[in-house]
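The values are calculated or read from the model by the stated rules, or taken from the named source; none is laboratory data. Since this is a predicted model, take the numbers as computed values, not measurements. So basically every Cβ, Gly included, is an ideal-geometry build from the backbone, and we count neighbours across all protein chains shown. SASA here: full protein model, heavy atoms, side chains in, ligands and nucleic acids out. Shrake-Rupley method; radii C 1.70, N 1.55, O 1.52, S 1.80 Å.
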Amino acid sequence: MLAEIKGLNEECGVFAIWGHEKAAEMTYYGLHALQHRGQEGAGIVTTDGENMNAHKGVGLINDVFSEGEFSRLNGHAAVGHVRYATQGGGGYENVQPLVFRSQRNSMALAHNGNLVNAHALKNQLEAQGSILQTTSDTEVIAHLVKRSGNMPMEEAISSALGMIKGAYAFSLLTDDQLFIGLDPRGLRPLSIGRLGDAYVAASETCAFDLIGATYEREVHPGELIVIDDDGFRTKQFTQPLQRTMCSMEYVYFSRPDSDLNELNVHASRKTMGKQLATESPIEADVVTGVPDSSISAAIGFSEEMGIPYELGLIKNRYVGRTFIQPSQELREQGVKMKLSAVRGIVEGKRVVMVDDSIVRGTTSRRIVRLLKEAGATEVHVRIASPPIQNPCYYGIDTSTKSELIASNYSIEEMRELIGADTLAFLTTDGLKQSLVNERDTEAHGICQACFTGNYPTEIYPETIIPAYKD
Ligand code: AMP
Ligand code: SF4
């Protein structure tokens, strides 16, 4: 049960292209730019209008694909996916895009996010005779689409999307059409671009830059885009609601060179760092950031405080992400292998260590220790997001409530636990203000549920495993 629900928590990257003679290759490169969104599996499915060809596997894109694969993955359209699964659900059967072959029309589906009513829908589908082969939400979407019998695909998808609730950015490829859709609140990022005459879609705009595509626009909340030989059409499958884009995408998850809702991620992180300095200033000699995701915020903090930014911490690039290690003991070891403190920079100094977030507290505790062992006289921890006190049900693995340090301890207790001289977090208002776009006068609608507990959708407590309850 635990493995099943955990298997649903994915932070993934999707890519799609229509109308390009090298669709598979472009998807392969696009997925490379999205590799930070998932390292546990990768896949590409193409169509030449008559046949679908798929190649996928467990591991990094480079482990899964070799050059020879492209000659087999022929066709003018493709969908691709990189997968991040934290526990369970990481097997081959869950690697996307999932392909469903049928006489009428085959389809390949790639999806990022999490359906909050997946459990109820699975029960319903199984009661009606569907045989589910994976633990992933993606299959639920596919079964709902397939159930619509002979309805035109566009209507079948709209009807399926009407039944699912939660966060999803998806692309669905059939032999003659590509569909791109986003949940009614726009919780997950998804953009559209052009590459010559071809259309592309990607979870993050950094994928467009890598293949030389130009950004066109964001997919709107509740929008279904259809691309085929007749061109590009769009419809709302549901009334759009106020967009509540995941704020953790800005804080941690997305790449700094991506723009989300036309706001650059690096620039937004820098503003978060500046705002943090305004809210919780401190006297110190150097500011350092935890590579890579905290560097932008640390630069902002340093600029606002007028304290020099230094490379006090160095990352060992060839070690996987901390979260992938399964146990606390291994996670602690992972942090140690990943980072080193630079003695020549921090020795005898009062150091401000800026990190983007605290989840379980493992990283901060280890880094404070590393900096002190390297001779820092004081370590002041500044976190460029508010305390994470609630789990996420929308596809970002922020762990269970019992594991979230900020859900169980006060700020003073956390300071003591991580061994810092002082500890401060960005406020929720400060985060919101940091996400104001130059073009707009007020902040984009953002989700801050893991900080505030105010979830923008229903949550369906019956689908939540005990650890997710208080
Ligand atoms: P922890 O050590 O458990 O407190 O995790 C905090 C660290 O993990 C921070 O340095 C973040 O950069 C990173 N992080 C934050 N959120 C996530 C997430 N959802 N998945 C993986 N890593 C994360
Ligand atoms: Fe993002 Fe947090 Fe909202 Fe989840 S709960 S979508 S991590 S802001």
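Between VAL45, VAL58, VAL14, which is farther than 24 Å from LEU260 by Cβ and open to solvent by less than 10 Å² (accessible area, probe 1.4 Å)?
Working: VAL58 fails: open to solvent by less than 10 Å² (accessible area, probe 1.4 Å); VAL14 fails: farther than 24 Å from LEU260 by Cβ.
Selected residue: VAL45, the only one of VAL45, VAL58, VAL14 that is farther than 24 Å from LEU260 by Cβ and open to solvent by less than 10 Å² (accessible area, probe 1.4 Å).
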Conditions: (1) touching a residue at least 24 places away in the same chain (Cβ under 8 Å); (2) open to solvent by 20 Å² or more (accessible area, probe 1.4 Å). ARG194 meets all but one. Number of the miss?
(1)
For residues that are farther than 17 Å from LEU172 by Cβ and among the small types (Gly, Ala, Ser), tally how many sit in segment 199-245.
4
When every residue in segment 234-250 that is of a type in the set (A, V, I, L, M) and within 16 Å of ligand 1 (Cβ to nearest atom) is compared, the one farthest from SER294 (Cα to Cα) is MET245
Do we have any residue at all in segment 254-276 that's buried (at least 23 other Cβ atoms within 10 Å of the Cβ), among the aliphatic types (A, V, I, L, M) and more than 26 Å from TYR29 (Cα to Cα)?
yes
Considering every residue within segment 218-230, establish whether at least one is surrounded by 23 or more Cβ atoms within 10 Å (Cβ to Cβ), at pLDDT 95 or above and in a strand (DSSP E or B).
yes
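When you go through ILE157, ILE180 one by one, which is the residue that is part of a helix (DSSP H, G or I) and buried (at least 22 other Cβ atoms within 10 Å of the Cβ)?
ILE157
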Within segment 98-153, count every residue that is in a helix (DSSP H, G or I) and touching a residue at least 12 places away in the same chain (Cβ under 8 Å).
17
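Can you list the helices (runs of 4 or more DSSP H) found entirely within segment 354-435 that contain at least 1 residues being away from ligand 1 (no atom under 13 Å from the Cβ), open to solvent by less than 20 Å² (accessible area, probe 1.4 Å) and of a type outside the set (Asp, Glu)? Step through it out loud before you land on a result.
Numbers: elements: 362-373, 405-408, 411-418, 428-434.
Per the criteria, 362-373, 428-434.
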